[in-house]
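Peer 1: Questions regarding the structure given below will be posed in turn.
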Amino acid sequence: MSDNTGGTERLPGRDRRRFPGISSRAYEHPSDRSALVALRKLSGFDTVFKALSGLLTERSLRLLYLANSVRVSDEQFAHLNAMLRDACYILDLEQVPPMYVSQDPNPNAMCIGLDKPIIVVTTGLVELLDEEEMRAVVGHEVGHALSGHSVYRTILLFLTNLALKVAWIPLGNVAIMAVVTALREWFRKSELSADRAGLLVGQDLQASMRGLMKLAGGNHLHQMNVDAFLAQAEEYESGGDLRDSVLKIMNVLPRSHPFTTVRAAELKKWAESRDYQRIMDGHYPRREDDRDTSVSESIRDSANHYTESVKNSKDPLMGLVRDIAGGAGDLGGRLRDTFTGRGGSGGSGSSGSSGGSNGANGSDSSS
């Protein structure tokens, strides 16, 4: 039920838990943290970051959206304004970011800005999602704001456009694309963190799942099934052989977002975890303790996550990595047989390469 205090503060429209003082560390995916550390260590990144921070002005961005989009308020897109205040209340974000609706048939949302974040959602997204699905997306973007992702997202957008403009110059965009590739790798991981923030705000896993399904297959929920959708993620993760593993890597490199089935599977896994339940029970890292957080501890947590990921992954390439770490012999022979199509006939003992399933490709859906 709706509740107002003081006439100005909007509380959640239905009973949800609130997380006073929550730190973004509570929901950040370990891969997000480690990818950001790797990005900051990239040669030349600090120079590019400082240069662009001086060139890109906050005022320019705000004027652009103020002039050519619709600003969300009590008078315009009031239901989105209520969701935005709701999300900021639940995640305890004191400064509510401005939100704009931009005319674009492609469903998308983003959080950009250098000093102060701005949230932008497209008309395609607003028309595609129902109220609870949209609430998860708004929470997703508020999660980006709380994590400070907007700065790097803004630089990624600028560099991507710049790379297109200088592509005709021989070697002109090589250095730029190196930074763009690293930024994309980080941003894909940051989306997994923001999906978690969206779940903390909406506190409705089915709504989050429906939203991801709609990003993949459009507004045809009566033709889709959550279990079948998650089965696609399982097939994508474990199907095929080493060639498919390489193709998966090549397919994902130019994307800014992870594949939607992968996002759905990752979110469901987290929603069923002890970490999520602890947050819902009120036990989570607080912002007031952020300054005392050890960087080496975060890196160690990320390394442990990658170790577990390799250990539990059903991807054939990860299986090969495990074999190498375990001292498996005849690696050269196995690689030769796999890539020449002669695997599966005994020999060095192929570990589950079936070579039959195709990795799902999918379109680059955002939010």
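Peer 1: Based on the mean of other beta carbon atoms within 10 Å per residue, what is the order of 127-133, 197-203, most packed first?
Peer 2: Result, highest mean Cβ count within 10 Å first: 197-203, 127-133.
Peer 1: Please name whichever of LEU80, LEU157, GLY124 sits farthest to the positive end of the charge dipole of region 65-159, dipole taken about the Cα centre and charges placed at Cβ: Lys and Arg +1, Asp and Glu -1.
Peer 2: So the residue we want is LEU157.
Peer 1: Does region 197-238 come out rounded, prolate or oblate by the C-alpha gyration tensor, with a ≥ b ≥ c the root eigenvalues, rounded set by a/c under 1.5 and, if not, prolate when a/b is larger than b/c and oblate if not? Each step should come with its number before you reach the end.
Peer 2: On the way: a/c = 2.28, a/b = 1.31, b/c = 1.74.
Taking the square roots of the gyration eigenvalues as a ≥ b ≥ c, region 197-238 is oblate.
Peer 1: Still on this structure: Let me cross-check MET110: its accessible surface, 1.4 Å probe, with only protein heavy atoms counted, in Å² to the nearest 10?
Peer 2: Roughly 30 Å² of MET110 is accessible to a 1.4 Å probe.
The values are calculated or read from the model by the stated rules, or taken from the named source; none is laboratory data. Owing to the predicted nature of the structure, the values given are computational and were not obtained by experimental measurement. Please note: Cβ atoms are built from the backbone with ideal geometry, for glycine as well, and neighbour counts cover all protein chains shown. Quick note on the areas: whole protein, heavy atoms, side chains included, nothing else; ligands and nucleic acids left out. Shrake-Rupley method; radii C 1.70, N 1.55, O 1.52, S 1.80 Å.
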